[in-house]
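Heads up, the thing below is written out as structure tokens.
Every read-out reported here was derived from the displayed coordinates using simple, explicitly stated rules and does not represent laboratory data. These figures come from a predicted structure and were not determined experimentally. Counting neighbours? That spans all protein chains shown, and the Cβs are built from the backbone with ideal geometry, glycine included.
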Amino acid sequence: RNPVQISPSILSADFANLAAEAEAVRGADWLHVDVMDNHFVPNLTLGLPVVESLRKATATPLDCHLMIEDPDRWAPQYAEAGASSVTFHVEAAAAPVRLARELRAQGARASMALRPATPIEPYEDLLPELDMVLIMTVEPGFGGQAFLDVMLPKIRRTRRLIERHGLQLWLQVDGGVSATTIERCAEAGADVFVAGSAVYGADDPSAAVAALRERAES
Ligand code: DX5
Ligand code: ZN
């Protein structure tokens, strides 16, 4: 079993104070950066210049979650901008294997995300090409949504596939992850936990990260 990792999502942070907000979660394993293009999802957030600036503003590695069309074109540019892990949505990728190989060749971790309605089984043979799979536990687009319990079986099935293939893949969950839902995710086999509102909605974000970690490890 891989160690528990916590990736606070700056989507729930103050976008006018991103450097300070990144600093507020020191001790987190990653900083989760949600890139939305208003096409793949009905919301617009930030892009390459912000990632470049964040890279300089924090020592925490950046975990870029691209909720955008045409990741084949854009994802490598996020690796170039300083993301240590780049997640593309398989629903939007034209050539996911080629894209994953390109990201790895750049020295980034390659990760594939699945919307709630996308099953993992058709992508079983792609797993060796990846460093992480992201199972969305809400419909992507907004922070603060309720955790979808119906995703727990998919988390379990994905963990079983990873084990069956003897892979070292990380399994990330994103959406509605909180002190009340994180244990269910961990029990189902997730090891990297994204949390936006549960971290940045707390009075002390870094204490919230520590509390989530403790629950996931229990
Ligand atoms: C939603 C984003 C998430 C979001 C999670 O589409 O991918 O990363 O920030 O926010 P919470 O943790 O509040 O559900
Ligand atoms: Zn995300």
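Assorted remarks:
- Net charge contributed by nearby residues that have their C-beta within less than 13 Å of Tyr123 (K/R +1, D/E -1): -2
- From largest to smallest, the equivalent ellipsoid semi-axes obtained for the range 97-218 from the alpha-carbon gyration tensor read 25, 16, 14 Å.
- The alpha carbon radius of gyration of the chain, expressed as a multiple of 2.2 N^0.38 Å, is 0.92.
- Cβ-placed point charges (K, R +1; D, E -1), dipole of the range 75-134 about Cα centre in debye, nearest 20: 160 debye
- Here the relative contact order of the range 5-217, from alpha carbon pairs under 8 Å that lie six or more residues apart, stands at 20 percent.
- Dipole moment magnitude, nearest 20 debye, the range 5-217 about Cα centre, only Lys, Arg, Asp, Glu C-beta charged: 400 debye
- Between the range 44-70 and the range 78-138, the alpha-carbon center distance in angstrom: 16 Å
- Charge sum, other residues only, whose C-beta stays under 12 Å from Ser85's C-beta, Lys/Arg counted +1 and Asp/Glu -1: -1
- DSSP-defined beta bridges in the range 5-217 - what % are antiparallel, rounded to 5: 5 percent
- Compactness of the range 1-51, expressed as Rg and Dmax over alpha-carbon positions, Å: 12.6, 38
- Estimated [θ] at 222 nm from DSSP helical runs (n ≥ 4, -39500 (n - 2.57)) normalised by residues in the chain, nearest 500: -9500 deg cm²/dmol
- Exposure proxy order (Cβ contacts within 10 Å, fewest to most) of Leu66, Leu11, Leu167: Leu167, Leu11, Leu66
- Computed over every Cα-Cα pair of the range 52-100 and binned at 5 Å starting from 0, the pair-distance distribution P(r) comes out as 5, 24, 31, 20, 11, 8, 2 percent.
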